[in-house]
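Okay, so here's the structure we're looking at.
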Amino acid sequence: MRSIYIYGASGHGLVVADIAKACGYDHIKFIDDGDNHYSTFENISKQNNIPVALGIGDNIIRTKIYNNLKKAGFKIATLISPSAIISPSAKVEEGSVVMPNVVVNAKAFISKGVILNTAAVVEHECVIEEFVHISPNCALAGDVKVDSYTHIGIGTNIIQGIYIGKNTIIGAGSTVVNNIGDNKKGYGTPCKVVQELF
């Protein structure tokens with residue numbers, strides 16, 4: 001029997017659990033620190049022989065949970081849906097979740113704690129830094145870099161060679177044709193910065 005904890009019992013966590021099942025885990029238990037009936041981190045903190053997958057969509061909360069789990073000695077699972085296509089020359093680091101029908105092409109780098117959501121395309125030589133969330137149906141052309149903690153909204157397209165900074169939010173359905181700096185909120189076609197984030 002292969003056991004795994006899913007940290008986060010929301011809708012995102014349910015999808016992560018489905019991927020865990022598809023990856024051969026047959027005993028799945030949800031962990032959630034909310035006001036509900038699930039076990040909390042405190043309940044499992046001494047049971048660090050069971051791996052934990054990150055089922056939290058929020059980048060900052062996911063980062064905090066990852067750090068707490070590492071301090072407690074847990075192994076953090078990397079889950080890749082069997083329907084995803086990952087180039088042999090690409091790298092996916094610890095704690096990332098790659099959802100169904102994702103494509104990650106040659107020499108792309110996916111850092112720790114990243115979410116590549118359903119049907120996202122990450123082209124050759126892209127760099128996705130830690131705790132980024134790439135939403136469903138996003139398409140990143142070659143050599144795009146997305147820096148840490150950034151959220152790319154559903155259905156966004158990013159042309160080749162673009163840099164998007166840290167802690168930035170790109171709204172749904174955007175087309176990014178120019179670099180976007182740190183701590184920005186932008187959306188539209190073409191994507192324009194509309195707000196500074198602090």
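The values are calculated or read from the model by the stated rules, or taken from the named source; none is laboratory data. All of these numbers come straight from a predicted model, not from anything done at the bench. Please note: Cβ atoms are built from the backbone with ideal geometry, for glycine as well, and neighbour counts cover all protein chains shown. Surface accessibility is based on the protein's heavy atoms, side chains included, excluding ligands, DNA and RNA. Shrake-Rupley method; radii C 1.70, N 1.55, O 1.52, S 1.80 Å.
Report the local net charge at LYS70: Lys and Arg +1, Asp and Glu -1, summed over other residues whose C-beta lies under 14 Å from its C-beta.
+2
Take ILE61 and VAL177, extend 7 Å from each Cα along the Cα→Cβ direction, and tell me the distance between the two endpoints in nm.
The modelled label-to-label distance comes out at 3.7 nm.
Which value at 222 nm does the chain reach when only helices count, each DSSP H run of 4 or more adding -39,500 (n - 2.57), with the total divided by all residues and rounded to the nearest 500 deg cm²/dmol?
Mean residue ellipticity, 222 nm, calculated: -4000 deg cm²/dmol.
With the cut-off at 29 Å, tell me which of the pairs LYS21/LYS70; LYS29/LYS107; LYS145/LYS192; LYS46/LYS91 have Cα atoms farther apart than that.
Beyond 29 Å between Cα atoms: LYS29/LYS107; LYS46/LYS91.
Compute the signed sum of charges (Lys and Arg +1, Asp and Glu -1) over the other residues within less than 13 Å, Cβ to Cβ, of ASN105.
-1
Ordered by packing density, taken as the mean number of other Cβ atoms within 10 Å over each peptide's residues, highest first, how do 150-159, 30-39 rank?
150-159, 30-39
In a shell of Cβ-Cβ distance under 10 Å around VAL193, excluding VAL193 itself, what net charge do Lys and Arg (+1) and Asp and Glu (-1) give?
Taking every other residue near VAL193 into account, the sum is +2.
Residue separation times 0.36 nm, minus the C-alpha to C-alpha distance between ASN68 and LEU197: what's the value?
Working it through step by step, the gained length comes to 43.9 nm.
Just how large is the dipole of the chain about the Cα centre, in debye to the nearest 20, putting +1 at every Lys and Arg Cβ and -1 at every Asp and Glu Cβ?
240 debye
So if R0 is 35 Å, what FRET efficiency would TYR163 and MET1 give, r being the distance between their Cβ atoms, rounded to the nearest 0.05?
0.20
With everything on Cα atoms, drop me the angle between helix 59-71 and the longest principal axis of the chain, reported from 0 to 90° to the nearest 10.
Once rounded, the angle reads 40 degrees.
Counting only protein heavy atoms and using a 1.4 Å probe, what share of the accessible area of the chain belongs to carbon plus sulfur, as a whole percent?
With neighbouring chains kept in place, the figure for the chain is 51 percent.
So how many Å³ per residue does the convex hull of the Cα atoms of the chain work out to? Can you show the working numbers first?
Numbers: hull volume 21.5 nm³, N = 198.
Taking the convex hull of the Cα positions in the chain, it is 109 Å³ per residue.
Accessible area per residue of segment 16-140 at 1.4 Å probe, in Å²? Write down the numbers at each step before the final one.
On the way: 5610 Å² over 125 residues.
Per residue, segment 16-140 has an accessible area of 45 Å².
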